[in-house]
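The values are calculated or read from the model by the stated rules, or taken from the named source; none is laboratory data. It should be emphasised that the depicted structure is a prediction, and the values quoted were computed from it without experimental measurement. Note that each Cβ is placed from the backbone with ideal geometry, even for glycine, and that neighbours are counted across all protein chains shown. We work out accessible area using only protein heavy atoms, side chains counted, and drop any ligands, DNA or RNA first. Shrake-Rupley method; radii C 1.70, N 1.55, O 1.52, S 1.80 Å.
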Amino acid sequence: MRLESFTRSSRPKILIVLHQENSSSGRVGQELVKRGFALDVRKPRFGDSLPETMSDHAGAVIFGGPMSANDPDGFVLKEIDWIKVPLREQKPFLGICLGAQMMVKQLGGTVSSHRDELVEIGYYPLQPTAAGEILMTWPKKVYQWHREGFDLPASCDLLASGPTYANQAIRYGTNAFGIQFHPELTHSMLVRWTTKGAPRMSLPGAQQRGDHFAGRYIYDAAVKAWLDRFLDLWIGTVDAPVSCGLRERTAAE
């Protein structure tokens, strides 16, 4: 049975929004299943609907894709508008790359390319802010694949920054988060992305394919540890859910 088809009705569901026919929720989906959740996978780009309420879902994750949050396509506009549902109902929400940019658009912010047309494709430095350090330990470098970034809406807190795209992780309220990087990346996804997306490695600022695999060898363990910690604080497990949003670390942690 494929991971994406694991949707037992007896288990709390996480809404998973993907943007390509063969996209995967990767490590994020794997870790959510390990925590006892079922994955309700929707692909609005291919005609799937999105729920009018989050009453049947414990949380939602919108993943990345090759399109822009500024595109006029109907499914892009639909997803941006829909994000108001988990935000209004204060259900755990996570936007990854495009998903984060969509959340920013929903909150009235802007998404744009770098002023020097630089991209981030590969592993790049990540620096937590004081607010981010209070929450958890962050990896020194994370995997990126984007040519646009987002500004910081006045309603959001900046949790982590980077030298090329300043806004890398943001929080809205207590349990809605947007991250520019890709903690869901598995080895097979890395092979696929760097094969099908090879032409993008010629863009300014992009790293070469060998650097991607070398970076994974060095930094992936810390990224996985970050994801485990983030999920602990953001959603918890089916047996021990987080009921009031992500909490700050205690001195003992």
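Residue-by-condition table, conditions (1) at pLDDT 95 or above; (2) hydroxyl-bearing (Ser, Thr, Tyr); (3) on the phi > 0 side of the Ramachandran plot; (4) in contact with a Pro (Cβ under 8 Å, 6 or more places away or on another chain):
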site	(1), (2), (3), (4)
Arg27	yes, no, no, yes
Phe46	yes, no, no, no
Pro51	yes, no, no, no
Ser68	yes, yes, no, no
Asp71	yes, no, no, no
Ile96	yes, no, no, yes
Ser113	yes, yes, no, no
Ala130	yes, no, no, no
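With the condition kept exactly as written, say whether any residue in region 6-14 is within 20 Å of Val85 (Cα to Cα), in a loop (DSSP other than H, G, I, E, B), among the charged types (D, E, K, R) and at pLDDT 95 or above. Before you say what the answer is, go through the steps one by one.
Initial filter on region 6-14 (within 20 Å of Val85 (Cα to Cα)): 12-14.
From what's left, in a loop (DSSP other than H, G, I, E, B): 12.
From what is left, the residues that are among the charged types (D, E, K, R) are none.
Checked region 6-14: no residue is within 20 Å of Val85 (Cα to Cα), in a loop (DSSP other than H, G, I, E, B), among the charged types (D, E, K, R) and at pLDDT 95 or above.
How many residues are under 15 Å from His182 (Cα atoms) and either part of a loop (DSSP other than H, G, I, E, B) or open to solvent by 50 Å² or more (accessible area, probe 1.4 Å) (or both) when one looks only at region 93-139?
Filtering region 93-139 for residues under 15 Å from His182 (Cα atoms) gives 94-101, 119-126, 138-139.
Those left that are additionally either part of a loop (DSSP other than H, G, I, E, B) or open to solvent by 50 Å² or more (accessible area, probe 1.4 Å) (or both): 97, 119, 125-126, 138-139.
Of the residues in that region, 6 qualify.
With respect to the conditions (1) open to solvent by 50 Å² or more (accessible area, probe 1.4 Å); (2) in contact with a Pro (Cβ under 9 Å, 6 or more places away or on another chain); (3) in contact (Cβ under 8 Å) with a residue 60 or more places away in the chain, Gln90 lacks only one, and its number is (2).
When Phe75 is tested against the conditions (1) surrounded by 23 or more Cβ atoms within 10 Å (Cβ to Cβ); (2) outside any loop (DSSP other than H, G, I, E, B), the lone failure is (1). Conditions first: (1) open to solvent by 70 Å² or more (accessible area, probe 1.4 Å); (2) out of contact with any His (no Cβ under 8 Å at 6 or more places or on another chain). Pro44 passes all but one, so which condition is the exception? Looking at each condition in turn, Pro44 falls short on (1). Remark: pairs (first residue in region 200-227, open to solvent by 50 Å² or more (accessible area, probe 1.4 Å); second residue hydroxyl-bearing (Ser, Thr, Tyr); Cβ separation under 7 Å; 6+ apart in sequence or on different chains) = Arg209/Thr194; Tyr219/Tyr123. Taken as a whole, the condition of being open to solvent by 50 Å² or more (accessible area, probe 1.4 Å) and either in contact with an Asp or Glu (Cβ under 7 Å, 6 or more places away or on another chain) or among the β-branched types (Val, Ile, Thr) (or both) applies to Thr174.
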